[in-house]
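Participant: Below is the structure I would like to discuss, written out as structure tokens.
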Amino acid sequence: MRYILIFWAAPLGLFWGWYFLSYYDINFGLLIFSRLVHDFAFQFYGDLLGLEPALIPPLLVQACATDTLVIFGILLFRRRNQVLAWMREAWPRYFGDRPVPSILNRSSTP
């Protein structure tokens with residue numbers, strides 16, 4: 001699972017690092033981080049996909065968020081016993097000795 005997290009985080013970090021550095025034209029003297037390459041890359045992808053280049057970054061954000069939810073869902077599923085044990089331990093600390101509220105009986109009658 002460690003390798004999945006590494007191979008998930010590294011490309012996202014590299015891409016978003018490049019995106020924001022090139023978007024704000026912080027290029028450190030390198031052409032790859034220039035706004036010119038940024039605009040060219042998104043124009044190229046826009047032409048390739050048949051979309052306007054301004055629509056691509058929100059789609060990338062949505063894809064990265066979905067990918068992140070899937071990866072963390074898998075991680076939580078694999079460690080569900082540890083998470084449930086932590087929740088059982090943390091419940092009294094935050095809510096006292098009150099029982100866990102049930103969603104089955106929402107009646108206010110005694």
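Participant: List the pairs whose first member sits in region 78-99 and is closer than 19 Å to MET1 by Cα and among the β-branched types (Val, Ile, Thr), whose second member is surrounded by 10 or more Cβ atoms within 10 Å (Cβ to Cβ) and modelled with pLDDT of 80 or more, and whose Cβ atoms are under 8 Å apart, counting only residues at least 6 apart or on separate chains?
Facilitator: VAL83/LEU76
Participant: Can you say whether ARG35 is charged (D, E, K, R) and loosely packed, with under 12 Cβ neighbours inside 10 Å, as far as the supplied structure shows?
Facilitator: So ARG35 does not fit the description; no.
Participant: Cβ contacts < 8 Å: first residue at pLDDT 95 or above, restricted to region 45-72; second residue among the basic types (Lys, Arg) and in a helix (DSSP H, G or I), any location; separation 6+ or different chain. Result?
Facilitator: none
The values are calculated or read from the model by the stated rules, or taken from the named source; none is laboratory data. Keep in mind that this is a model prediction, so the values were computed, not measured. Counting neighbours? That spans all protein chains shown, and the Cβs are built from the backbone with ideal geometry, glycine included.
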